[in-house]
């Protein structure tokens, strides 16, 4: 049961205060054997769902964490699954009747029980190249887990600069609250976008590139050295962080608009 459901049940007299206290005490730290201590209250406290970083965990550890979290929360993001674990985790979730959203070219998954309600803000996500799509999709899944709608457009980098202009016009027309720009190589797209719109921009450098400045080093340095104000930068390939930050910005701005209108 989610936190708001517990409080609503208490208010309606469906459960006693002692039962509510017991249930709320479960929304703290959930210990899983000797390898994990899960902050199951993070979603209620920060608006950010739990994320499992799958790249360094065994498949059995991932399965155990999924079972515990999905008892306490409606949504969960599993990030960077190993190739050999990806389909196995999907099959495991289907057996538990957990719904799944996948991302194009991405090894990450969004898991949920009830349909996700998009009552949050709206986020634009663009990539410079096709090779950047996997990281962008990771950001999309994270944003959607936080109830935000996403407007995406991929492969619009500066090698064909004319491609970006109608995309930005469309995102402005759709009133996005934040734009995530995912780019490798020299990552010039982030600076370009930041210089053209009055919308917060989150740059995600990717490890796409070769030779001097490979593995995202040149892309990260370029974004950090941008002379265009309004651009913030996360770590190389960190679509999860970009999605969480963008959704926090977007959801907060929407709440403030609702409060003013109310």
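The values are calculated or read from the model by the stated rules, or taken from the named source; none is laboratory data. Keep in mind it's a predicted model, so treat the numbers as computed, not measured. Please note: Cβ atoms are built from the backbone with ideal geometry, for glycine as well, and neighbour counts cover all protein chains shown.
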> Quick one: how many residues across the range 85-107 are out of contact with any strand residue (DSSP E or B) (no Cβ under 9 Å at 6 or more places or on another chain) and free of Cβ contacts under 8 Å to residues at least 24 places away in the same chain?
Replying inline: 4
>> So for the range 205-221 (the condition being under 20 Å from residue 106 (Cβ atoms), at pLDDT 95 or above and in contact with a helix residue (DSSP H, G or I) (Cβ under 7 Å, 6 or more places away or on another chain)), does at least one residue qualify?
In response: yes
> Looking at the range 64-112, which of the residues that are under 16 Å from residue 48 (Cβ atoms) and part of a loop (DSSP other than H, G, I, E, B) is modelled with the highest pLDDT?
Replying inline: 108
> Only one residue in 155, 198 is touching a helix residue (DSSP H, G or I) at 6+ places or on another chain (Cβ under 7 Å), surrounded by fewer than 17 Cβ atoms within 10 Å (Cβ to Cβ) and at pLDDT below 95. Which one?
Replying inline: 155
> Among helices (runs of 4 or more DSSP H) lying entirely in the range 152-249, which contain 1 or more residues that are under 24 Å from residue 121 (Cβ atoms) and in contact (Cβ under 8 Å) with a residue 60 or more places away in the chain?
Replying inline: 188-194
> Within the range 242-259, is even one residue surrounded by fewer than 17 Cβ atoms within 10 Å (Cβ to Cβ), in the same structural domain as residue 177 (by TED's automatic domain parsing), modelled with pLDDT under 90 and in contact with a helix residue (DSSP H, G or I) (Cβ under 7 Å, 6 or more places away or on another chain)?
Replying inline: no
> Residues of the range 127-149 being surrounded by fewer than 24 Cβ atoms within 10 Å (Cβ to Cβ) and closer than 13 Å to residue 179 by Cα, which ones?
Replying inline: 149
